[in-house]
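**Student:** One structure is given below, represented as structure tokens, and several questions about it will come after.
Each value in this text was obtained by applying a stated rule to the coordinates, not by laboratory testing. These numbers come from a predicted model, not from an experiment. Here the Cβ is made from the backbone with ideal geometry for all residues, glycine too, and neighbour counts use every protein chain on show.
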Amino acid sequence: MKYQPINSALFIKNRKNFASLMQKNSLAIFNSNDIYPISADSTMPFEQHRDLFYLSGVDQEESVLMLFPDCPNENLREVLFLTETNEHIAVWEGEKLTKEAAFNTSGVQTVFWLQDLEKVLFEMTTYCDTFYINTNEHYRANIVTETREDRFTKWLLAKYPAHSVAKSNPILQRLRAVKDPIELDLMQQACDITEKGFRRILNFIQPGVWEYEIEAELIHEFIKNRSKGFAYTPIIASGNNANVLHYIENNQQCKAGDLILFDIAAEYANYKSDLSRTVPVSGKFSERQKAVYNAVNHVKKEATKLLTPGTIWKDYHVEVGGIMTAELLKLGLLDKADVQNEDKNWPAYKKYFMHGTSHHIGLDTHDYGLLHKPMEANMVFTVEPGIYIPKEGFGIRLEDDVVVQENGAPFNLMGNIPIEAEEIEDLMNA
Ligand code: GLY
Ligand code: MN
Ligand code: MN
């Protein structure tokens, strides 16, 4: 791991919160992700299941966490199972967690090797009535593979068909949405690394540069600062590429007079940041580009103010739509008739701003959070309005990550990252 050790108090608290929301006499089980194969003996880099990480800090494959808060055998109230480490594994794959290191990381006192799982689990099943299983109910999830968690759940329910089943996911969606101060600090670190990357490319961009050359600068800066890399596949979209919302080819040359839309950010310790900025290739916006830029920036500022406790995500989007509509009218992109005749299910502004304004962010870029529930202090949301105009050859999106505060304005974790048009121009021409 490139990141510095995390205070285990975070994971101890997360487990306590989860346990407090479980039914009596129940056992919750969480599995790590598989290491996904490519072909031959090649594999994708390991990415820990965020729920297991959230509850234990264990960042290693083939790990299982079991929580049984009222287990009569007190030693089995919190249990970790890990791949046994030995000298052979240490030589070929590097050091794995010892039982002591697993305790230091997670605060879990009872650590077994994986080969003891069936025997220990059997004892636990004799005391409990209900299994909490961990399914993925994220509103954007679209999964076709069978995960290690799915495989385990199938095996568990086939072996113990008399137990009833409850869902971990709604509890995790609720808990993970509200960030602990330790998590906010980790997210701030991710944002600070992103800032370093962004400042680095402001001095690097000039007509003729290739989008992938900018990508290379960013990854250099991110890894140099203990990030494992991009928080999500980076978008570096010059000219009309910005109007393809999920453009990730990053293989075009940047031309004088064009804008470049970046949606790029670093992760740190598995926590994500999510930044969008749009800058002129030649270091100076045209008058029209600047007018649209300032409109997006205005919507972003107004939308940020609305992220307060009690706000409902859906209502917030309707309100932001109204603010965006006013800007599009001023820019002459919409006229009054467009708005008067609009379809309420697809308002006129959607022609130029067709994606959402905000999503939860945390261990996942599009993080957990129950969107029908009111916003709460210490939830973290992106704010990311955009205006996309293919017929004018550019698209603009601006995106920061902000923390909802109990009293007062949301706190912008990206408040130090340049955003005003003149500031961007000054920095690019310094
Ligand atoms: N970078 C992904 C998003 O903005 O939602
Ligand atoms: Mn985003
Ligand atoms: Mn983004």
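**Student:** For the range 394-416, name all the residues that are more than 14 Å from ligand 3 (Cβ to nearest atom) and either assigned to a strand (DSSP E or B) or charged (D, E, K, R) (or both).
**Tutor:** Phe394, Val403, Glu406, Phe411, Asn412
**Student:** Does Phe112 meet the test of being out of contact with any helix residue (DSSP H, G or I) (no Cβ under 8 Å at 6 or more places or on another chain) and either assigned to a strand (DSSP E or B) or within 30 Å of His138 (Cβ to Cβ) (or both)?
**Tutor:** no
**Student:** Another question, if that's okay. Report, by residue number, each residue of the range 316-365 that is closer than 21 Å to Val292 by Cβ, surrounded by fewer than 21 Cβ atoms within 10 Å (Cβ to Cβ) and of a type in the set (Gly, Ala, Ser).
**Tutor:** Gly321, Gly322, Ala326, Gly332, Gly356
**Student:** If you take the residues of the range 71-106 that are of a type in the set (Gly, Ala, Ser) and surrounded by fewer than 19 Cβ atoms within 10 Å (Cβ to Cβ), which of them is farthest from Gln4 (Cα to Cα)?
**Tutor:** Here the answer is Ala90.
**Student:** Same structure, new question: Take the residues in the range 346-388 that are aromatic (Phe, Trp, Tyr) and more than 19 Å from Leu306 (Cβ to Cβ); name whichever of them is nearest to ligand 3 (Cβ to nearest atom).
**Tutor:** Tyr388
**Student:** From the set of residues in the range 375-430 that are closer than 30 Å to Gly257 by Cβ and small (Gly, Ala, Ser), which is farthest from ligand 2 (Cβ to nearest atom)?
**Tutor:** Here the residue is Ala430.
**Student:** Search the range 255-272 for residues that are aromatic (Phe, Trp, Tyr) and pair each with any residue that is part of a strand (DSSP E or B) when their beta-carbon atoms are under 6 Å apart and the residues are at least 6 apart or on different chains.
**Tutor:** Within 6 Å, the pairs are Phe262/Ile236; Phe262/Arg277.
**Student:** Next question. For the range 211-245, name all the residues that are among the aromatic types (Phe, Trp, Tyr) and either without any contact (Cβ under 8 Å) to a residue 24 or more places away in the chain or in contact with a helix residue (DSSP H, G or I) (Cβ under 9 Å, 6 or more places away or on another chain) (or both).
**Tutor:** Hits for the range 211-245 are Phe222, Phe230.
**Student:** Same structure, new question: Take Gly356 and tell me if it is in a loop (DSSP other than H, G, I, E, B), at positive phi, under 26 Å from the mean Cα position of the chain (by Cα) and not charged (D, E, K, R).
**Tutor:** Against the criterion (in a loop (DSSP other than H, G, I, E, B), at positive phi, under 26 Å from the mean Cα position of the chain (by Cα) and not charged (D, E, K, R)), Gly356 does not qualify.
**Student:** Out of the range 328-374, which residues are of a type in the set (A, V, I, L, M, F, W, C) and within 16 Å of ligand 2 (Cβ to nearest atom)?
**Tutor:** Phe353, Met354, Ile361, Leu363, Leu371
**Student:** Hey, another quick one. Quick check on the range 366-393: of everything there that is assigned to a strand (DSSP E or B) and in contact with a Lys or Arg (Cβ under 9 Å, 6 or more places away or on another chain), which residue is surrounded by the most Cβ atoms within 10 Å (Cβ to Cβ)?
**Tutor:** This residue is Val380.
**Student:** Okay, moving on. Hey, among the residues in the range 263-298 that are closer than 13 Å to Ile236 by Cα and charged (D, E, K, R), which one's nearest to ligand 1 (Cβ to nearest atom)?
**Tutor:** Applying the filter and picking the extreme gives Asp263.
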